[in-house]
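S.K.: Please find one structure pasted underneath; my questions will follow.
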Amino acid sequence: MKVNCLYFIIAFFSVSFSAYTQSMQLKFCGKTSSVVPAKDNNGVDQRHKGGIRMDLLRIGKLSQSRTAPFYSLGIDPLSFANGTWVDGCTNNTNQTYCSGCTTCKSVMSTSNNVIGVVEGLMEANVRLRTNNNDLYIESTGSQDLVCLVTNSIDVSSYAGKLIEVNSIYEGTALDGFTTVNVNFNYRYNNGNWTNILNQNSNFLRLIDTAILIPVKVPSAVANLDGIVDFEISPNPATDHLNLELNSQKAFNGTMSIRDIIGKQISEQDVFIQQGQNKLNLNTQQLDGGLYLFQLSDRDGRISTRKFAKN
């Protein structure tokens, strides 16, 4: 009886997984002049003099982002914890992340959950911090865009509907330092980023704006099986998983491993070439049990295979 019950769960999940959760992410970016030196003549940090403050981000159905948002960042329960997440980047040479900075952390909430990560070229005196439930991007350098990228947001309940983003933000420009640019981007289902707002020059006032997402929330995640044909082995896996795949076209995609209830365990970007592909995933970190291997493209199409780990 236990075996039959387990089989039913797996079979049900294999059917429902093709309609896997619709998701979106937001990217809030800013650039300012570089504040040099970081401290004034009195030894007080002055990087806020060329900075951008974001009060909040909210998402709602069309015309409802302010009054009835289904996602709010900078408001309970996703309030910003006080902290400095990026700093000390003088020697950072990474063009995308803060790996070479003295301080390089994911942005956290007051409930000690990760809210998002920081992307962009982070060098010199740049700093990203949160204080009193506001996000500050400071002293990026006028050519360097620094962004907060939110975690994936579940929008499955709004499939086929238009939604909008409400943001409140302002710039600071003191003692000759400047605010250069703010922009917003979105993407569905780990697809390509699309810009929805780009504001240049000093905006030295509080701005409360609602931005329409011009594309409706996808109604379903299509299946990749019409484009790719692949097998995974060995199954059960031990310390690795081999993928032999034939694709009708080349595309940029993502390989991920999830547990049997869909929680993501690992993720890896991959380029699939037209024709035959042979890939390998490390599975040493997995506990024994059942898992799902998922291959997706930038349009959100997904194919899934089940496997076991000894």
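S.K.: With θ taken as phi - 60° and the coefficients 6.51, -1.76 and 1.60, list the Karplus ³J(HN,Hα) couplings across region 47-61 in order, rounded to whole Hz; mark glycine and proline as x.
M.R.: Residue by residue, region 47-61 yields 5, 5, 6, x, x, 10, 10, 9, 7, 6, 10, 9, 10, x, 4 Hz.
S.K.: Take the Cβ-Cβ distance between ASP45 and GLU267 as r, set R0 to 41 Å, and report the resulting FRET efficiency rounded to the nearest 0.05.
M.R.: My answer for the efficiency is 0.65.
S.K.: Kindly state, to the nearest 0.05, the FRET efficiency for LYS249 paired with LYS278, given R0 = 22 Å and r defined as their beta-carbon distance.
M.R.: 0.80
S.K.: A further question follows. Rounded if a/c is under 1.5, else prolate if a/b is larger than b/c, else oblate: which is region 222-309, with a ≥ b ≥ c the root eigenvalues of its Cα gyration tensor?
M.R.: prolate
S.K.: Using a cut-off of under 12 Å, list every residue of region 237-275 whose amide N is near the label point 7 Å from the Cα of LYS306 along the Cα-to-beta-carbon line.
M.R.: 260-261
S.K.: Relative contact order for the chain: what percent, with Cα pairs under 8 Å and sequence separation of 6 or more?
M.R.: After rounding, I find 19 percent.
S.K.: What's the local net charge at ASN112, with K and R +1, D and E -1, over the other residues with C-beta under 15 Å away?
M.R.: 0
S.K.: Just how large is the dipole of the chain about the Cα centre, in debye to the nearest 20, putting +1 at every Lys and Arg Cβ and -1 at every Asp and Glu Cβ?
M.R.: 480
S.K.: At 7 Å along the Cα-to-beta-carbon direction for both ASP229 and ASN82, put a label point, then send me their distance in nm to one decimal.
M.R.: Spacing of the two 7 Å Cα→Cβ label points: 6.2 nm.
S.K.: Taking just the alpha-carbon atoms of region 23-212, what radius of gyration and Dmax come out, in angstrom?
M.R.: 16.2, 56
S.K.: Trypsin sites (Lys or Arg not before Pro) within region 162-265: which are DSSP loop residues with at most 15 other Cβ atoms inside 10 Å?
M.R.: The qualifying sites are ARG205, LYS216, LYS249, LYS263.
S.K.: Among GLN25, ILE211, GLY275, flag the residue with its Cα farthest along the positive direction of the charge dipole of the chain, charges on Cβ as +1 for Lys/Arg and -1 for Asp/Glu.
M.R.: Highest projection toward the positive end goes to ILE211.
S.K.: Still on this model: Using a cut-off of 11 Å between beta-carbons, work out the net charge of the residues near ARG66 (Lys and Arg +1, Asp and Glu -1, ARG66 not included).
M.R.: My count for the surroundings of ARG66 gives -1.
S.K.: On to the next question. Check the straight Cα-Cα distances from LYS249 and name the lysines below 27 Å, setting aside those fewer than 8 residues away within the same chain.
M.R.: LYS216, LYS278, LYS306
S.K.: Quick one: if the Förster radius is 51 Å, what FRET efficiency do SER219 and ASP175 give, using the C-beta to C-beta distance and rounding to 0.05?
M.R.: 0.50
None of the figures in this text is laboratory data; all of them are computed from the coordinates on show. These numbers were taken from a predicted model, which means no experiment stands behind them. Heads up, the Cβs are rebuilt from the backbone with ideal geometry, glycines too, and the neighbour counts pull from every protein chain shown.
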